[in-house]
1. Out of all the residues in the stretch 37-44, is one or more within 16 Å of ligand 1 (Cβ to nearest atom) and touching a helix residue (DSSP H, G or I) at 6+ places or on another chain (Cβ under 9 Å)?
2. Which one of 133, 142 is within 19 Å of residue 3 (Cβ to Cβ), at pLDDT 95 or above and crowded, with 19+ Cβ neighbours inside 10 Å?
3. Within the group 140, 159, 148, 102, which residue is more than 22 Å from residue 36 (Cα to Cα), under 20 Å from the mean Cα position of the chain (by Cα) and not in a helix (DSSP H, G or I)?
4. Could you check how many residues of the stretch 6-60 are free of Cβ contacts under 8 Å to residues at least 60 places away in the same chain and in a strand (DSSP E or B)?
5. Of the residues that make up the stretch 68-88, is at least one modelled with pLDDT under 95 and either in a loop (DSSP other than H, G, I, E, B) or crowded, with 18+ Cβ neighbours inside 10 Å (or both)?
6. Return yes when residue 336 is touching a residue at least 12 places away in the same chain (Cβ under 8 Å) and either over 21 Å from residue 216 (Cα atoms) or within 16 Å of ligand 1 (Cβ to nearest atom) (or both) and no when it is not.
Ligand code: FES
Ligand SMILES: [Fe+2]
């Protein structure tokens, strides 16, 4: 499958890092070990230079990492600094390391050319350090390729069907099309659902207009804001973005990140929670319970879809009008991946 390499991939929730314990992760089929060299976060290939044992089974020794097979010791730049029983250390021996950043409560790893690793390209997610939101978090491992999860997040018409019982979006949700805007590194979706009592279990007594917008950004990051407004707001603001200060409830934020771990495996990270003015920890917990249920529904469908695709000799699709966002995003990925391949060939 085609993925862009010059992008920041989510490797882990920052809260899941343990100070003295190396963490094994996999991105684009590359085994990576993440560890804290005292105050500095480091990502190496998870493969000892000696006999390829995983360094994620190693031991942190301050700002150094020791392979616990035969004891080679590496510094935070990947250089070998000790070989037990041997004085001569090959000066060129060095582990491959990846640019890594801690931002918005996520650990991000740049999988492409390290010289191009610009932290300004990290998607502007809302992390747990943002006092305006009360968030919960989690992740799910998929036996399916990441692209299928991206495609799912780029077409919310599935809410009416996959999530009919959980999110409770009625069939009218899939009858409406969101407004799409291509972005330099993704696609923006904006959608008003006008004059309903709100979705599923979060029904309001009065009629409301519901606003939802999300950016889906490279390599597979969804950042979404939603809110409820008095009926008539959508029309009054020309079906454009409302002023969140006028929201009457349910202002929430969710971030979701899809990381290809292998050819047919992916890790799906997510957060969700209310704005502090529109909810509390109890609302956050209710939303997370809902998310656990709904995201399990996606997983069942997407893993089953993957199994069918794998048994299909020449899989072909028949796009519908709702695939416009999927197509825009996948074309962007293909264009950038082609450019990367061209540069690699020219080099
Ligand atoms: S494999 Fe790491 S020291 Fe031997
Ligand atoms: Fe879904």
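1. Of the residues in the stretch 37-44, the ones within 16 Å of ligand 1 (Cβ to nearest atom) are 44.
Now narrow it down to the ones that are touching a helix residue (DSSP H, G or I) at 6+ places or on another chain (Cβ under 9 Å): 44.
The answer is yes; a qualifying residue exists.
2. On the way: 133 fails: within 19 Å of residue 3 (Cβ to Cβ).
Result: 142 is the single residue among 133, 142 that is within 19 Å of residue 3 (Cβ to Cβ), at pLDDT 95 or above and crowded, with 19+ Cβ neighbours inside 10 Å.
3. On the way: 159 fails: not in a helix (DSSP H, G or I); 148 fails: not in a helix (DSSP H, G or I); 102 fails: more than 22 Å from residue 36 (Cα to Cα).
140 is the lone residue from the list that is more than 22 Å from residue 36 (Cα to Cα), under 20 Å from the mean Cα position of the chain (by Cα) and not in a helix (DSSP H, G or I).
4. So the first thing to find is which residues in the stretch 6-60 are free of Cβ contacts under 8 Å to residues at least 60 places away in the same chain, and the list is 16, 18-24, 31, 33, 35-40, 42, 44-60.
If we keep only those that are in a strand (DSSP E or B) too, we end up with 18, 21, 23-24, 31, 33, 35-37, 40, 42, 44-45, 59-60.
Residues in the stretch 6-60 being free of Cβ contacts under 8 Å to residues at least 60 places away in the same chain and in a strand (DSSP E or B): 15 in total.
5. no
6. Values: touching a residue at least 12 places away in the same chain (Cβ under 8 Å): yes; either over 21 Å from residue 216 (Cα atoms) or within 16 Å of ligand 1 (Cβ to nearest atom) (or both): no.
So residue 336 does not fit the description; no.
The values are calculated or read from the model by the stated rules, or taken from the named source; none is laboratory data. Every value quoted in this text rests on a predicted model; they were computed, and no experiment measured them. As a convention, Cβ positions derive from the backbone with ideal geometry for all residues, glycine included, and neighbour counts pool all protein chains shown.
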